[in-house]
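The values are calculated or read from the model by the stated rules, or taken from the named source; none is laboratory data. Bear in mind the structure is a predicted one, so any value in this text is a computation, not a measurement. Here the Cβ positions follow ideal geometry from the backbone for every residue, glycine too, while neighbour counts run over all protein chains shown.
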Amino acid sequence: MNGISLMVEEHKYIKRMLNVIRKASYSVLQGNPINYDDFADMIDFVRNYADDHHHGKEEKMLFNRMMDEMGGAAQKLVRHGMLVEHDMGRLHMKDLEEALLKVKEGDHEALIDVIANAVAYANLLYRHIDKEDSLVYPFAERELPQVTLDKINEECDAFEKEMEKKNVQKKYIKLLESLEDKYVSLTFL
């Protein structure tokens with residue numbers, strides 16, 4: 001298994017969820033009621049598939065090695081770029097969850113915070129994914145020693161097999177497809 005190619009493939013699922021998040025936000029903007037269960041599912045996908053599953057591999061298997069083995073440019077790119085953006089995404093999800101609770105409790109002004117955090121997360125991740133696919137991953141493939149790339153591939157393969165036993169990938173792809181059926185094909189008036 002090529003670990004970096006797998007990460008690129010996972011980005012396709014994440015971008016599809018970003019589209020769902022934008023469509024659900026637009027629905028709210030149009031005055032439709034918030035479907036709290038759907039937003040909870042979107043947050044679940046982000047936290048457990050995009051963050052724990054995908055970003056976890058990046059942080060534990062790739063980025064640490066880039067910083068350790070590639071020197072200053074990689075350290076700046078990863079520590080002050082990619083990892084900061086991962087943390088910003090986590091903050092947007094936390095703030096989105098809090099805003100949803102406020103709306104549910106009757107604070108209708110918090111609707112703006114629901115939309116703002118959901119859309120800000122989607123915009124952040126679209127740009128983040130583009131940087132990883134076009135800059136970070138090719139840089140790592142070009143500059144990391146083959147022995148390191150082989151180790152990343154082995155670790156990714158073992159991690160993926162373990163997650164398959166727990167049905168993680170199938171669960172979140174099925175969740176994504178269900179939310180796409182609900183939001184992506186709809187036109188909100």
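Here are some notes:
- Here the stretch 110-128 is the region considered, the condition is being touching an Asp or Glu at 6+ places or on another chain (Cβ under 7 Å) and farther than 21 Å from G31 by Cα, and the residue that is surrounded by the most Cβ atoms within 10 Å (Cβ to Cβ) is H128.
- Condition met for E180 (within 17 Å of the chain's Cα centre (by Cα), at pLDDT 95 or above and on the phi < 0 side of the Ramachandran plot): yes
- Test set (1) part of a helix (DSSP H, G or I); (2) surrounded by fewer than 17 Cβ atoms within 10 Å (Cβ to Cβ) - S185 fails condition number: (1)
- Test for E69: is it surrounded by 12 or more Cβ atoms within 10 Å (Cβ to Cβ), among the charged types (D, E, K, R) and part of a helix (DSSP H, G or I): yes
- The stretch 112-137: number of residues that are of a type in the set (D, E) and without any contact (Cβ under 8 Å) to a residue 40 or more places away in the chain: 2
- Taking first residues from the stretch 142-166 that are on the phi > 0 side of the Ramachandran plot and at pLDDT 95 or above and partners that are surrounded by 11 or more Cβ atoms within 10 Å (Cβ to Cβ) and part of a helix (DSSP H, G or I), no Cβ contact under 6 Å between residues at least 6 apart in sequence or on separate chains turns up.
- Residues that are free of Cβ contacts under 8 Å to residues at least 12 places away in the same chain and not in a helix (DSSP H, G or I) within the stretch 1-34 comprise G31, P33, listed in sequence order.
- Residue selected from the stretch 93-109 under the condition crowded, with 18+ Cβ neighbours inside 10 Å and free of Cβ contacts under 8 Å to residues at least 60 places away in the same chain, by the criterion nearest to H55 (Cα to Cα): M93
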